[in-house]
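J.: I'd like to ask you about the structure that follows.
The values are calculated or read from the model by the stated rules, or taken from the named source; none is laboratory data. Please read all numbers here as calculations on a predicted model, not as lab measurements. A quick note on method: Cβ atoms are made from the backbone with ideal geometry, for glycine too, and the neighbour counts reach across all protein chains shown. Areas reflect the complete protein model, heavy atoms only, side chains present, ligands, DNA and RNA absent. Shrake-Rupley method; radii C 1.70, N 1.55, O 1.52, S 1.80 Å.
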Amino acid sequence: MRDTLVLNASYEPLTTVSLKRAVVLVLQDKAVVEHARPLGVVCGTGVSVPVPRVIRLRRYVRVPFRQRAPWSRRGVLIRDRHVCAYCGRRAATVDHLVPRSRGGADSWLNTVAACAEDNQRKADRTPEQAGMKLLRGPFEPTPAASLMMALGLRGGEADEFAPWFPAGAAA
């Protein structure tokens with residue numbers, strides 16, 4: 001579970017990391033805790049660190065400008081909240097709307113989360129050919145929105161991270 005937001009030294013959101021990785025970065029003095037969980041503390045031999053929700057790197061890391069969020073199977077499942085695009089049940093697989101065997105790409109707009117049963121039923125066909133309707137269509141998240149989705153934020157929880165994201169990032 002990647003539930004800690006990592007900010008660059010300039011306070012721009014970079015990525016998400018696991019709690020363990022975040023604590024290691026803080027203990028190695030590579031990052032500082034910007035926002036912690038209330039009443040949460042990670043204790044070790046002679047040291048205690050507040051449970052970080054947001055950490056900031058002490059040194060600036062140059063990253064190439066990203067206009068688009070990188071596509072990944074994990075990203076599609078997170079984007080669709082692990083809900084099947086065909087039936088609404090729990091999804092564990094990614095389905096290509098235009099199958100890869102027919103030239104379909106691994107892209108945000110060509111993939112949806114699907115349960116194993118619906119993925120097998122659709123097989124090597126388009127949804128129209130299989131007689132299946134999408135409950136919601138695919139979309140391409142912004143880089144900031146993909147970070148917020150990776151944090152698993154729901155409803156009002158996004159307000160906790162609002163200071164570190166541009167306005168409208170959750171949209």
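J.: With a probe of 1.4 Å, find how much accessible area the range 1-153 has per residue, and write the answer as a whole number in Å².
T.: In whole numbers, the range 1-153 has 57 Å² accessible per residue.
J.: Taking the DSSP beta bridges in the chain as the whole, what percent of them are antiparallel, to the nearest 5?
T.: So the antiparallel bridges in the chain amount to around 85 percent.
J.: Using the crude model of +1 on Lys and Arg Cβ and -1 on Asp and Glu Cβ, and no other charge, please compute the dipole size for the chain relative to its Cα centre, in debye to 20.
T.: Around 320 debye, computed over the chain.
J.: Before anything else, pin down the relative contact order of the chain: Cα pairs under 8 Å, at least 6 apart, normalised by residue count, whole percent.
T.: Taking the mean separation of contacting Cα pairs over the length of the chain, I get 21 percent.
J.: I want to check the label-to-label distance for THR126 and ALA105. Put each point 7 Å from Cα in the C-beta direction and report it in nm to one decimal.
T.: For THR126 paired with ALA105, the spin-label model returns 1.7 nm.
J.: Rounded to the nearest 500, what is the chain's calculated 222 nm mean residue ellipticity when only DSSP H runs of at least 4 contribute -39500 (n - 2.57) each, over all residues?
T.: That comes out to -5500 deg cm²/dmol.
J.: Could you tell me which of VAL54, THR15, CYS43 has its Cα farthest along the dipole of the range 5-87 towards the positive end, charges placed at Cβ (Lys, Arg +1; Asp, Glu -1), taken about the Cα centre?
T.: THR15
J.: With the full set of protein chains in place, find how many percent of the accessible area of the chain is carbon and sulfur; take the probe as 1.4 Å.
T.: Heavy-atom surface of the chain belonging to carbon and sulfur, 1.4 Å probe: 55 percent.
J.: Could you point to the label whose value was computed as Rg and Dmax of the Cα atoms in Å for the structure here, given [x] 16.9, 52; [y] 15.8, 50; [z] 19.0, 63?
T.: Label of the calculated value: [z].
J.: How much net charge surrounds ARG89 when only other residues with a Cβ under 11 Å from its Cβ are counted (Lys, Arg +1; Asp, Glu -1)?
T.: Computed value for this residue: -1.
J.: Same structure again: Among VAL42, VAL94, VAL51, determine the one that fluctuates most according to a GNM of the chain built with springs between C-alpha atoms less than 10 Å apart.
T.: Of the options given, VAL42 has the highest mean-square fluctuation.
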